[in-house]
Amino acid sequence: MLIEVLIGLVVGGAVLLLVLRRRSHVLKTEDGWWGVGPEPDGEQDTTIHPFKVTTSDAELEDLHRRIDQTRPVPSLEDSQFHYGFNSEYLSKVVSYWRNDFDWRRQVDRLNQYPHFKTNIEGIDVHYVHVKPKRVPEGTDPIPLIMVHGWPGSFYEFYGTIPLLTEPSDPQALVFEVVCPSIPGYGYSEAPHKKGFTSVCAARIFHKLMKRLGFQQFYAHGGDWGWLVTTNMAQLEPKIVKGLHVNFAPPSKPGLSITLSILLGRHFPKLFGFTSADLERLYPCVQKLFVESIKETGYMHIQATKPDTAGRGLNDSPVGLAAYILEKFSTWTSHDFRNLEDGGLTRKFSLDDLLTNVMIYWTSGCIVPSMRFYKENFSRLGSPHTKIPVTVPTGYACFPNELMHTPKLWVQQKFHNLLTYSQMARGGHFAAMEEPQLMVEDINKFIKKVEMKSQ
Ligand SMILES: *[C@@H]1O[C@H](CO)[C@@H](O)[C@H](O)[C@H]1NC(C)=O
């Protein structure tokens, strides 16, 4: 009798522990209010409004006047992109922008997909929502939310949208895609209050997807989009069917990551390191450290005094273009710093790059976009950094990503890593740079999740 009671207690305790452990993997959050002033009483407006990007003669005249008044600074001889955006090349970009770039045509391009706005927690949230025209008989399109980062926008996904919603390959999955703008970015209203973190963005996007009627969906993200979609998976692991990311720097170097850094070079097998991992992790730790200091000054500014530096950028289109496009050069390939033109048009067209800049310029979002860093870094150690992600995850490892993350490191955070793909080409803005590769990997990952859940 006693033994049975004991066994019962032990089994019960173990089950309870498991349940508690599971529970602790779900992130908790509370509703926020980001509108001006106190939250009003009563029902909130949940209507969805169609939205179109517009422009005007006045907007273009103002832009051109400011561009014409820029004060060029000669670059140092032989400095390429090592001192930041090369001033000589900047003059060429700006001359193209001033004389050849057709914003009205790009506005039409932006409007080729349906845009909407809806108010959530007091701010207007903007998103692009594309439904497929055709779906194979007897199937439903797969809902996918795609979240951009800094200094990008929803426009980063424009190359992937047709590949996802009208694939030419009959074997490919057909998606229904939602690309929102993070509040404070692009056409989403900026929060009016302090404290808008990635978890708040994640909660708002869950509310958005719910409002659109999705009971379950997949999520994809890079840069901040990685953190926002990761938080979405942590908040509602039953609703996010799978998470696909192309960025996942470890938020804390736990024991196994530290050991792998120290010993991985000599015992790569022990940590599952591939030759690609070794190549990327061990040029020399000192070099990695110096590189990261050299390339993260912007982050320190944005994480401390975004409103000061941001004001200059918000007044000067040329300054804004230099600030944003420098990242599209260096984050696409570090070697591009050795080129006079930063290699910018090797992977992107000036039209696409300037369209992204214009989204920042016309919406005036550079300051709020920078504030996202401050809200992030003032909350180090908040709960989401400590709990793992349990939903099926796919990781696309692009060779020129800012920070290389070996499989073992990704698994420390993402406990259910179904795919880890070494990608053939691409850097930090991979969805924009290599839309085809990205969509192939999203297909590979989601097919695997769907197969498992059948
Ligand atoms: C802040 O951002 C870094 C990545 O840049 C991330 O690893 C960390 O978890 C974030 N912290 C918080 C509290 O959001």
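To the nearest ten degrees, helix 2-24 and the longest principal axis of the Cα atoms of the chain are 10 degrees apart. Geometric descriptor of the range 201-254, per residue, is 77 Å³ (volume of the convex hull of the Cα atoms).
Projecting the Cα atoms of TYR113, PRO268, PHE445 onto the charge dipole of the chain (Cβ charges, centred on the Cα centre) puts PRO268 farthest toward the positive pole. For the set LYS92/LYS347; LYS269/LYS407; LYS193/LYS294; LYS347/LYS448; LYS207/LYS448, the pairs lying more than 24 angstrom apart at their alpha carbons are LYS193/LYS294; LYS347/LYS448; LYS207/LYS448. The dipole here belongs to the range 347-454: it is taken about the Cα centre, uses +1 on the Cβ of Lys and Arg and -1 on the Cβ of Asp and Glu, and is about 540 debye.
Dipole orientation for the chain: of the candidates ILE387, TYR420, VAL73, ILE387 has the Cα lying most toward the positive pole (charges on Cβ; Lys, Arg +1; Asp, Glu -1). Of the beta bridges in the chain, as assigned by DSSP with both residues counted there, near 35 percent are antiparallel. Could you give me D for the range 112-177, from Stokes-Einstein at 20 °C and 1.002 mPa s, where the hydrodynamic radius is the Kirkwood radius over C-alpha pairs? Units µm² s⁻¹, please. Result for D is 162 µm²/s. The equivalent ellipsoid that matches the C-alpha gyration tensor of the range 63-184 spans semi-axes of 38, 18, 15 angstrom, in descending order. Neighbour counts of C-beta atoms inside 10 Å place GLU189, GLU450, GLU137 in the sequence GLU137, GLU450, GLU189, starting with the fewest. Note on the range 70-113 and the range 345-413: Cα centroid distance 23 Å, given to the nearest whole angstrom.
Along each principal axis, taking the top coordinate minus the bottom one, the Cα set of the chain gives 91, 61, 50 Å in descending order. Of the residues ASP140, ASP57, ASP351, the one with the fewest other Cβ atoms within 10 Å heads the list, and the complete ranking is ASP57, ASP140, ASP351. Here the residues THR308, THR197, THR47, ranked from fewest to most Cβ neighbours within 10 Å of their Cβ, fall in the order THR47, THR308, THR197.
Packing, as the average of other Cβ atoms within 10 Å across residues, places the peptides 92-103, 370-381, 328-339 in the order 328-339, 370-381, 92-103, highest first.
Its Cα centre serving as origin, the range 281-348 has a Cβ charge dipole (Lys and Arg +1, Asp and Glu -1) of approximately 140 debye. In a simple Cβ point-charge model (Lys, Arg +1; Asp, Glu -1; nothing else charged), the range 325-367 has a dipole of about 120 debye relative to its Cα centre.
Values in this text are rule-based calculations from the coordinates and carry no lab data. On a predicted model such as this, the values are computed, not experimentally measured, just so you know. So basically every Cβ, Gly included, is an ideal-geometry build from the backbone, and we count neighbours across all protein chains shown.
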